[in-house]
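Colleague: Got a structure for you, questions after.
Readers should treat all values here as calculations from the given coordinates under stated rules, not as data from a laboratory. Small disclaimer: the values here were computed from a predicted structure and weren't measured. In this analysis, Cβ positions are derived from the backbone assuming ideal geometry, glycine residues included, and neighbour counts consider all displayed protein chains.
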Amino acid sequence: MTVIFDKVNLSYGKKSIFKSLSISFSSTGISFLLGENGAGKTQLLRCIHGLVIPQQGSVFAPPRIEQAYLFQFPLLLNRSVLANLYFIRGCPVSPKHYFDRRLQQVIDDLSLTPLLSQSAMTLSGGQKKRVAVARFLLQKASCCLLDEPSTNLDKKNSQILEQAIVEKVNRQQKIIIATHDFFHLQRLFVTGRDELLVIKDGAIASHLTNLDMNELLHYL
């Protein structure tokens, strides 16, 4: 299903976030969202996920139970790391057979074994992000939302996540990424497959289908 924003207005008090925002995302590949801090990238993802309801306009997207969301700042339960992973087992985007088949490989890839019995509340920022990435990799949603996914990840774990993103795209899962990381963007972007949308002043300032750095620097 294509994600569509139709004349969406969103504001918090006197602060306007989107002004009659209309977008039709490509139904496949990766859609990258760029913009200055406060431009509305995170709010756009939250609207897609149904966490924010705009005051006016419509957002058409797959149901939340068909989406996976990797937050910029991980939302973890006050339980062990292993319990945090098992929390999603059996949900619509992580059927038990799929979860069980992938669990050990994900734990090994992200070096989580020494942390499994530790409370998630005692982890460092980087460790929490690895747990959140693990949960993300244990889901097979039709639409995947990632907010600044490279934040708090070292090179090794960033590469693991990037490879997983490519695999999801190859399985026809839709990916939407909000990012400031140009190196991350350059490694993942494929001309003819992906698109790049620049958000500025509550609207789409540029919609690119090739990686034109001169164009991007004009807006950012």
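Colleague: Every residue in the stretch 49-72 that is within 28 Å of Leu123 (Cβ to Cβ), in contact (Cβ under 8 Å) with a residue 24 or more places away in the chain and hydrophobic (A, V, I, L, M, F, W, C), please.
Modeller: Result: Val52, Ile65, Ala68, Leu70, Phe71.
Colleague: Picking from Asn152, Asn214, which residue would you name as being under 17 Å from the mean Cα position of the chain (by Cα) and farther than 11 Å from Ser31 by Cβ?
Modeller: Only one candidate qualifies: Asn152.
Colleague: Tell me, which strands (runs of 3 or more DSSP E) wholly within the stretch 105-220 include 1 or more residues that are under 30 Å from Ala83 (Cα atoms) and of a type in the set (Lys, Arg)?
Modeller: Qualifying strands (runs of 3 or more DSSP E): 174-178.
Colleague: So, in the stretch 155-184, how many residues would count as being more than 27 Å from Gly38 (Cβ to Cβ) and among the charged types (D, E, K, R)?
Modeller: 5
Colleague: For the condition within 18 Å of Leu45 (Cα to Cα) and either touching a residue at least 12 places away in the same chain (Cβ under 8 Å) or buried (at least 20 other Cβ atoms within 10 Å of the Cβ) (or both), what is the one hit in Ser150, Ser158?
Modeller: Of the residues listed, the single one that is within 18 Å of Leu45 (Cα to Cα) and either touching a residue at least 12 places away in the same chain (Cβ under 8 Å) or buried (at least 20 other Cβ atoms within 10 Å of the Cβ) (or both) is Ser150.
Colleague: So is Arg79 without any contact (Cβ under 8 Å) to a residue 24 or more places away in the chain and not small (Gly, Ala, Ser) or not?
Modeller: no
Colleague: So which pairs qualify, if the first residue must be in the stretch 190-201 and in contact (Cβ under 8 Å) with a residue 24 or more places away in the chain, the second must be among the basic types (Lys, Arg) and surrounded by fewer than 20 Cβ atoms within 10 Å (Cβ to Cβ), the Cβ gap must be under 9 Å, and the two must be at least 6 apart or on different chains?
Modeller: From the stretch 190-201, the pairs are Asp201/Lys19.
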